[in-house]
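To start, the structure under review is shown below, and the notes come after it.
The values are calculated or read from the model by the stated rules, or taken from the named source; none is laboratory data. Since the structure is predicted, the reported quantities are computational estimates derived from the model, not experimental observations. Note that each Cβ is placed from the backbone with ideal geometry, even for glycine, and that neighbours are counted across all protein chains shown. These accessible areas exclude ligands, DNA and RNA; they are computed on the full protein's heavy atoms, side chains included. Shrake-Rupley method; radii C 1.70, N 1.55, O 1.52, S 1.80 Å.
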Amino acid sequence: MGKKTANILFIGDVVGTPGLQMVSHLLKGYISKYSIDFVICNGENAHHGKGMSREALHQLREAGVDVVTGGNHTWSNFNFFDTLKSDPAVLRPQNYPRGAYGHGYGIYDMGNGLGSIAVVNLQGRTFMSSIDCPFRTADWVVKQVKDKVSCIVIDMHAEATAEKIALAWYLDGRVSAIIGTHTHVQTADERIMRKGTGYCSDAGMTGPHESVIGMQVKAATDRFLYQTPHKYECAENDVHFSAMLLRLDTETGKTVGIGRIFYPEFDTGESLTGEK
Ligand code: FE2
């Protein structure tokens, strides 16, 4: 009888070369430390802070990533379109209008005799483009894959926390886990919902945190101060690795454990709760 649980690592938005280097540097160590069977990674900002590229994809795959998910910035680098169309290891949100190229979900072998997992990429609509409904799209995808796999993990790339939480209640018990991306700030609300779906509002950013969500501070603050465009450049310093760990029961597809990784931790000064 084989192993009954699968350990999944879900890496939050990898930003630019600093983020890619952090993944290359740390991922193999995490894979062995936590006996990771399968790695999902949001890479929509891996190409110099915006979009994806073949080089970034190659680096992530070499580091140990199995599937790279995307979001609104997936479409930013025109040179990546052919790869997006043809490489099953790259996903873009499923709920873009029909006919948009690329794939929004895929079924992958987890190896180690664990069977298959479906990875689904969705995108929110609140404070974002008015694409197709992520809720109804999720219904459709679940219908396509549920007879083929027990484990289904969703990357919900969205701005609004409420939209992500609503999706978690909507899909509770029908998918293994829903992990949010896009805000680049890791949230501390990881939990297992009532019917067994693992959830966290945002996996955070693997990238430079001496920044405004990955971009150099001056251009970002000037945008707010003057309400005019200022050229974003990817930041470089204070790089952290931000990810979620999931343990899935491969028979029921439910999450049996969920945890956060944020390395190194931020400096929070003196311990105020006595828990450090
Ligand atoms: Fe995004």
Sequence-distant lysines (8 or more away, or on other chains) whose Cα lies within less than 25 Å of Lys85: Lys50, Lys143, Lys146, Lys148
Ignoring ligands, DNA and RNA, what accessible area per residue does segment 95-188 give at 1.4 Å, in Å²? 43
Among Gly16, Thr5, Ala220, pick out the residue whose Cα is farthest towards the positive end of the charge dipole of the chain, where Lys and Arg carry +1 and Asp and Glu carry -1 on C-beta, about the Cα centre. Thr5
Rounded to the nearest 5, the percent of DSSP beta bridges in the chain running antiparallel is 50
Determine the share of the chain's accessible area contributed by carbon and sulfur atoms, expressed in whole percent, with a 1.4 angstrom probe. 51
Please give every one of the aspartates and glutamates within straight-line cross-link reach of Lys218, meaning a C-alpha to C-alpha distance under 12 Å, and leave out same-chain neighbours fewer than 8 residues apart. Glu210, Glu233
Space enclosed by the convex hull of the alpha-carbon atoms of segment 35-184, per residue, Å³: 116
Which of Lys33/Lys195; Lys4/Lys254; Lys33/Lys164 have a Cα-Cα distance over 20 Å? Lys33/Lys195; Lys33/Lys164
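Please compute the per residue accessible area over segment 208-273 with all protein chains in place, 1.4 Å probe, rounded to a whole number of Å². Each step should come with its number before you reach the end.
On the way: 4280 Å² over 66 residues.
Counting only protein heavy atoms, the per-residue value for segment 208-273 is 65 Å².
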dims of segment 203-276, Cα set, principal axes, largest to smallest, nearest Å -> 53, 35, 20
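Please give the length that would be gained between Ala89 and Thr161 if that part of the chain were fully extended, namely 0.36 nm times their separation in residues minus their C-alpha to C-alpha distance (nm, one decimal). Before the final figure, lay out each step's value.
On the way: separation 72, 0.36 × 72 = 25.92 nm, distance 2.71 nm.
Gain in length upon complete extension: 23.2 nm.
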Computed from every Cα-Cα pair in the chain, P(r) in 5 Å bins starting at 0 and rounded to whole percents is 1, 6, 13, 18, 20, 18, 13, 7, 3, 1, 0, 0, 0
Convex hull around the C-alpha positions of segment 119-276: the volume in Å³ per residue is 146
Taking 0.36 nm per residue of separation and subtracting the Cα-Cα distance, what length does fully extending Glu270 through Val185 add? 28.4 nm
Spin-label proximity, Ile107 to segment 55-69 - amide N less than 18 Å from point 7 Å beyond Cα toward beta carbon: 67
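Normalised by the empirical 2.2 N^0.38 Å for globular proteins, what value does the Cα Rg of segment 118-204 take?
The value comes to 1.00.
For segment 28-112, what D do you get in µm² per second when you plug the Kirkwood radius from alpha-carbon pairs into Stokes-Einstein at 4 °C and 1.567 mPa s?
Translational D for this selection: 97 µm²/s.
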